[in-house]
1. Name every residue in segment 86-111 that is open to solvent by less than 30 Å² (accessible area, probe 1.4 Å), more than 13 Å from the ligand (Cβ to nearest atom) and not hydrophobic (A, V, I, L, M, F, W, C), in order of residue number.
2. For segment 30-65, which residues satisfy the criterion of being polar (S, T, N, Q), under 20 Å from Ala189 (Cβ atoms) and more than 8 Å from the ligand (Cβ to nearest atom)?
3. Suppose we keep only residues that are under 26 Å from Thr127 (Cβ atoms) and open to solvent by 20 Å² or more (accessible area, probe 1.4 Å) within segment 169-185. Which one would you say is farthest from the ligand (Cβ to nearest atom)?
4. Just to be sure before I move on: is Thr235 among the β-branched types (Val, Ile, Thr) and at pLDDT 95 or above in the structure I sent?
5. Test of understanding: among Arg22, Arg83, which residue is more than 30 Å from Ala259 (Cα to Cα), more than 13 Å from the ligand (Cβ to nearest atom), touching a residue at least 40 places away in the same chain (Cβ under 8 Å) and surrounded by fewer than 24 Cβ atoms within 10 Å (Cβ to Cβ)?
6. Only one of Ala142, Ala152, Ala226, Ala233 is buried (at least 21 other Cβ atoms within 10 Å of the Cβ), under 16 Å from Leu276 (Cβ atoms) and in contact with a helix residue (DSSP H, G or I) (Cβ under 8 Å, 6 or more places away or on another chain). Can you tell me which?
7. Which condition number does Met162 fail, the rest of (1) without any contact (Cβ under 8 Å) to a residue 24 or more places away in the chain; (2) over 18 Å from the mean Cα position of the chain (by Cα) being met?
8. Out of the residues in segment 146-168 that are near the ligand (Cβ under 7 Å from one of its atoms) and among the aliphatic types (A, V, I, L, M), state the one that is nearest to Val287 (Cα to Cα).
Amino acid sequence: MILITGASGQLGRELSKLAAERGLEHAALSRPEFDFEKPETIEAAFQAAKPTLVINAAAYTAVDAAEANVEAATAGNHAGPLRLAQLCEAAGIPFIHVSTDYVFDGEKGAPYVESDATAPTGVYGATKRAGEIAILAACTKAIILRTAWVYAAHGKNFCRTMLGAGRRFPTLRVVADQHGTPTAAPDLARAILDIAARLTQTGWRPEYRGIFHATGTGETTWHGFACAIFEEAATAGQKPPEVQQITTADWPTPARRPADSRLDCTKLAQVFGITLPHWRASLGPIVKQLLVLDPPA
Ligand SMILES: NC(=O)c1ccc[n+]([C@@H]2O[C@H](COP(=O)([O-])OP(=O)(O)OC[C@H]3O[C@@H](n4cnc5c(N)ncnc54)[C@H](OP(=O)(O)O)[C@@H]3O)[C@@H](O)[C@H]2O)c1
């Protein structure tokens, strides 16, 4: 029995869908029945599901709002996941948790490896990093996947925001000096359930424990991502806007983002034999799904 938390989110929905497609026994929980801000729900959900594996896709993900909501971000990214990790430890089961490229400050100038020093630039990244440390200290069978720039055909994400803005405005200004890699939620869900399958096949192995980077392959900027979204949308009949390049300084946000948070995903390939698809290859089907849901006028 796999307990999937955050089932209403981008990743959680894809995990639940794929688990159902693969015929995996699972319980997919969202708020209010599973809420990190109500610790009693964590324990109750765990005891009711009696899981053999927990996949935590629940998190406080509002990067800018976190700056003013430290308590909620801490509950969602640190204290709550820690409680889940402790329950997994007590039950002797593996815990797969998801973290972020925002644990880095983006100053390295090359893709980050898992052993690089962290230096979060905001509350979101800091609480996610505190969660990583706490989980690793509490749980022997912990697997933490750091991902980035997640998007799906549902939920709140850059791809949907761009498609909507592109309809309303003839010109868009998009940040061109932040580098990273978009990650399609279905690709990440597949990687996670492939790891789960591996755990079933081999049983727990010491090399599975720890942090793994797990983003799409390749790299771009938010501007490059936006242009690719509109290329895909144009093939489905949406007139593309002009996408102008701006700098981070032109688009101030409450939380500072890393300028270059590319993640080196070699360790995931070496230990689990998993490489996520190139970000550009995964974009088309998701843009098309979004346009089916909301067709061009
Ligand atoms: N999105 C990104 O670009 C990105 C980048 C790097 C890493 N990540 C990480 O990837 C994971 C999945 O992200 P996502 O994009 O799927 O996020 P998402 O779409 O924002 O979904 C977050 C999920 O967590 C739930 N949640 C929020 N606060 C909670 C709380 N206090 N207690 C219990 N559940 C709570 C949400 O429930 P409601 O629906 O009720 O709000 C939702 O189900 C997270 O760990 C995130 O930190 C995401």
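1. Pro94, Gly106
2. Thr52
3. For segment 169-185, the residue satisfying everything is Asp177.
4. Against the criterion (among the β-branched types (Val, Ile, Thr) and at pLDDT 95 or above), Thr235 does not qualify.
5. Only one candidate passes the filter, namely Arg22.
6. The match here is Ala152.
7. Unmet condition: (1).
8. Top of the filtered list is Val150.
The values are calculated or read from the model by the stated rules, or taken from the named source; none is laboratory data. Small disclaimer: the values here were computed from a predicted structure and weren't measured. Cβ: placed from backbone, ideal geometry, glycine included. Neighbour counts: every protein chain shown. To get the accessible areas, we keep the full protein, side chains included, count just its heavy atoms, and leave off ligands, DNA and RNA. Shrake-Rupley method; radii C 1.70, N 1.55, O 1.52, S 1.80 Å.
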